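Reading through the structure tokens given below for one structure.
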Amino acid sequence: MLSTILFLAVGLSSVNAASRSSFPAICTNSTLLIDSLDVLTTAQECTEIDGDLVIQYASDYPTAIEFPNLRSVFGSFLSINFNQDISVTRLSAPNLTAVGSDLYISRWVNLTTINMPVLTAVNRVRLNHLPALTSANFLSTLESIENNYEVTNTSLKEIKNDRLPYAVFVEIFDNKELEKLELTALTNASYNIALRRNKPGVEVSLPALKEVFYFELQRISGLEIPELESAIGHFIVNDSTVESLEAPKLQSVGLWYDPSISITNNRGLIIQNSGSLKSLSFPALEAVQLDLVIRNNSELQDISFPALKRVTGNIGLEGTFESLNFPELEKVGGIFSLGNDEAGFSCTELQGFKTNGTIRGAFSCPEYQELPARNSSQGSSKNEVEDWLKWTSPSTGFGSLRSTSAVVFAICISGVLLVL
């Protein structure tokens, strides 16, 4: 029996070695540089590429570039910084399942299609300056990303994925035709989820998301985040047509961790410049690190944070709302500024927060006072945190929100930034 097993093992090894020996030699290069049709033709025989696959401009490429046999690239799959008007409209690797490092395609100005229908694993995805791109099917098949999920300047109408549970960055910028972003399996984004300068009115669905560091959405018309519990850095919605914002499980925006190792451009909870916004619902929100700002949302009539206890920085509210509700508010570390032109609006109850010491800084109502500029240096942040902790009593302070996981995360993310 043992001899049979050894025979089979040796046989399989020999078959694999023979298969590898049939590869063109360029498949084992540390960098397989494709810069002509001749090299492309040879590379199309590769089933595996040991190093990086790099495509450079060549005038004799066909309109469709295909790697019909390619199953894995152990390094990066790169094609960036074409200065010429490359004529290629289709890039295809129908059997590619894994890319060990980056998949980075940039500046193919006529590329309409990226066909990689079975790609499931990659370290980082970056699609950049592909203004004609309307199809990239691998965006929906990916199951594992160690770092970035970036889609910038394309003509994609939808970005959907129901398999990907984690990414460091999710950055969706400058996509002029984008109407929908659905990442239904994503539970954690350890650096950010950001949408900026896309087609106005993007619908965003993140039904499994529980934790994110920076959360910044612009030009959205809808947002689904029923499971979100923590935005470790900040939560921002700006310049949008969304009518309702609901975060039923969001408990905190900003967590305390060692400010000497943390990223310090947290901005707090900011919702502004969204003229269609009619309702807010943050029923579980207890704490906001840095500022709470709600401004220039002309349809918003009522503001209620029924569980909010602590705001480290400032509160800035401006609009024509009819009612405000902060029944549990205990500490505001900065100023409380409220601007309201609604006839008959009374500041009396809010004035009580200043009288009883809840508001540490100045109180302004109904005239809006601009919030003070914030110094984002780490030293300044550390001083502000220490000053806040001295002012706040141990029983009600943000100190109770500290956690080992938050400290560990801050250390890890600092390491990621150093690597980048």
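Quickly run through segment 323-357 and pick out the residues that are of a type in the set (S, T, N, Q) and surrounded by 17 or more Cβ atoms within 10 Å (Cβ to Cβ). Talk me through it step by step, then tell me what you get.
Filtering segment 323-357 for residues of a type in the set (S, T, N, Q) gives 323, 325, 337, 340, 346, 348, 351, 355-356.
Result: Ser337, Asn340.
Pairs, please: C-beta under 7 Å, at least 6 apart or cross-chain, first residue closer than 15 Å to Gly75 by Cα and at pLDDT below 95 and in segment 26-49, second of a type in the set (Ser, Thr, Tyr) and not in a loop (DSSP other than H, G, I, E, B)?
Ile26/Thr42
Using the structure shown, decide if Asn95 is modelled with pLDDT of 95 or more, more than 24 Å from the chain's Cα centre (by Cα), surrounded by 17 or more Cβ atoms within 10 Å (Cβ to Cβ) and farther than 19 Å from Val39 by Cα. Spell out how you get there, then give the answer.
Working: modelled with pLDDT of 95 or more: yes; more than 24 Å from the chain's Cα centre (by Cα): yes; surrounded by 17 or more Cβ atoms within 10 Å (Cβ to Cβ): no; farther than 19 Å from Val39 by Cα: yes.
Here the answer is no, as Asn95 does not meet what is asked.
All but one of (1) farther than 23 Å from Thr358 by Cα; (2) in contact (Cβ under 8 Å) with a residue 24 or more places away in the chain hold for Gly254; state the number of the condition that does not hold.
The failed condition is (1).
Name the residue that is surrounded by the fewest Cβ atoms within 10 Å (Cβ to Cβ), counting only residues in segment 265-290 that are under 16 Å from Gly333 (Cβ atoms) and either modelled with pLDDT of 95 or more or of a type outside the set (A, V, I, L, M, F, W, C) (or both).
So the first thing to find is which residues in segment 265-290 are under 16 Å from Gly333 (Cβ atoms), and the list is 266-269, 286-290.
When the remaining residues are screened for being either modelled with pLDDT of 95 or more or of a type outside the set (A, V, I, L, M, F, W, C) (or both), the result is 266-269, 286, 289.
Values: Asn266: 25, Arg267: 20, Gly268: 24, Leu269: 28, Glu286: 17, Gln289: 27.
Taking the candidates together, the pick is Glu286.
Would it be correct to say that Leu389 is in a helix (DSSP H, G or I), modelled with pLDDT under 80, over 30 Å from the mean Cα position of the chain (by Cα) and surrounded by 11 or more Cβ atoms within 10 Å (Cβ to Cβ)?
Yes, satisfied.
Could you run through segment 300-314 and say how many residues are in contact (Cβ under 8 Å) with a residue 40 or more places away in the chain and either under 16 Å from Cys365 (Cα atoms) or more than 28 Å from the chain's Cα centre (by Cα) (or both)?
1
On the basis of being under 16 Å from the mean Cα position of the chain (by Cα) and under 25 Å from Arg124 (Cβ atoms), does Asn175 make the cut?
yes
The values are calculated or read from the model by the stated rules, or taken from the named source; none is laboratory data. Not measured: the values here are computed from a predicted model. Glycine gets a Cβ as well: all are built from the backbone with ideal geometry, and neighbour counts include every protein chain shown.
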